[in-house]
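Below you'll find the structure, written out as structure tokens, and then a few comments.
The values are calculated or read from the model by the stated rules, or taken from the named source; none is laboratory data. Everything quoted here is computed from the prediction, not taken from an experiment. Here the Cβ positions follow ideal geometry from the backbone for every residue, glycine too, while neighbour counts run over all protein chains shown.
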2 protein chains.
Amino acid sequence: MTDNKLCPKVESAFKLFSKKWTGLIIHVLSEGPKRFSDISATIPNLSDRMLTKRFKELEENGIIDRKVYPETPVRIEYKLTEKGKALKPVMKAMETWAEEWM
Amino acid sequence: MTDNKLCPKVESAFKLFSKKWTGLIIHVLSEGPKRFSDISATIPNLSDRMLTKRFKELEENGIIDRKVYPETPVRIEYKLTEKGKALKPVMKAMETWAEEWM
């Protein structure tokens, strides 16, 4: 921050992460690629509609990739991109804080 | 995370930070104590009503303190508690990520 002016990059990063569920979804994907059902089973109270919406936003922002495996039945996996993996220090710092203070 | 179960502490920490504006408010307060008007002037589009609401939540969660200076006119400052300051690594990691990827 310079003379009370927010850096636009930092401002838009915080806006992305101030969407409900986004942080938790990235936290779960930091463990490795997951299927839709894995994530919705791991995060309580997260509806499929909302998870679909957040996935779309995260894909549009280049944070996750969606990979389709042409098997029978088709298998679809979601994983962090390099940009997404670069968030691991944020996730780690949050976990460390939560362990001590929550 | 153990066998796809979210740690409750981590889950509640991410829930706290997935509230709109919360991350940005803590980011601004990481610079030091601020008056209400300083913060609302620094964060565009953040209404006074919403800032009041987030301040109340952050106070209830022990992340910020509100200090009243009995001057004329009265001066009120908001600052991070020790619990709040312990979030600086999260803020720093987010800034570093934003600088590179946003």
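The figures follow:
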read-out	value
Enumeration of residues in the range A:83-100 that are of a type in the set (A, V, I, L, M, F, W, C) and in a helix (DSSP H, G or I)	A:VAL90, A:MET91, A:ALA93, A:MET94, A:TRP97, A:ALA98
The lone exception for B:LEU51 - which of (1) over 19 Å from B:THR81 (Cβ atoms); (2) aliphatic (A, V, I, L, M); (3) in contact with a Ser or Thr (Cβ under 7 Å, 6 or more places away or on another chain) it fails	(1)
Every residue from the range A:1-31 that is over 15 Å from A:VAL90 (Cα atoms), within 7 Å of another protein chain (Cβ to nearest Cβ) and part of a helix (DSSP H, G or I)	A:LYS9, A:GLU11, A:SER12
Pair list, Cβ under 6 Å, 6 or more apart: the range B:84-102 residue facing another protein chain (nearest Cβ under 7 Å) and free of Cβ contacts under 8 Å to residues at least 40 places away in the same chain, other residue surrounded by 20 or more Cβ atoms within 10 Å (Cβ to Cβ) and among the charged types (D, E, K, R)	none
Scan of the range B:39-82 for residues that are touching a strand residue (DSSP E or B) at 6+ places or on another chain (Cβ under 9 Å), assigned to a helix (DSSP H, G or I) and farther than 17 Å from A:SER18 by Cα, ordered by number	B:ILE39, B:THR42, B:GLU59
Pairs with Cβ under 6 Å, 6+ apart, first in the range B:19-36 and aromatic (Phe, Trp, Tyr), second assigned to a loop (DSSP other than H, G, I, E, B) and surrounded by 17 or more Cβ atoms within 10 Å (Cβ to Cβ)	B:TRP21/B:LEU46
Count of the range A:69-83 residues which are within 30 Å of B:ALA86 (Cβ to Cβ), more than 7 Å from every other protein chain (Cβ to nearest Cβ) and not hydroxyl-bearing (Ser, Thr, Tyr)	2
Residues of the range B:32-68 classified as within 14 Å of chain A (Cβ to nearest Cβ), under 11 Å from the mean Cα position of the chain (by Cα) and charged (D, E, K, R), total	2
The listed residue being more than 11 Å from the chain's Cα centre (by Cα), more than 27 Å from A:LYS9 (Cα to Cα) and not small (Gly, Ala, Ser), out of B:VAL90, B:VAL74	B:VAL74
Only listed residue being modelled with pLDDT of 95 or more and closer than 21 Å to A:LYS9 by Cβ, chosen from B:LEU51, B:LEU29	B:LEU29
Failed condition for A:VAL28, given (1) touching a helix residue (DSSP H, G or I) at 6+ places or on another chain (Cβ under 6 Å); (2) surrounded by 17 or more Cβ atoms within 10 Å (Cβ to Cβ); (3) closer than 30 Å to B:SER40 by Cβ	(3)
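So that you can scan it fast, the table gives a plain yes or no per residue for (1) hydroxyl-bearing (Ser, Thr, Tyr); (2) farther than 23 Å from A:THR96 by Cβ; (3) surrounded by fewer than 20 Cβ atoms within 10 Å (Cβ to Cβ); (4) touching a Gly at 6+ places or on another chain (Cβ under 8 Å):
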| site | (1), (2), (3), (4) |
| --- | --- |
| B:ASP38 | no, yes, yes, no |
| B:SER47 | yes, yes, yes, no |
| B:LYS53 | no, yes, yes, no |
| B:GLU57 | no, no, yes, no |
| B:LEU80 | no, no, no, no |
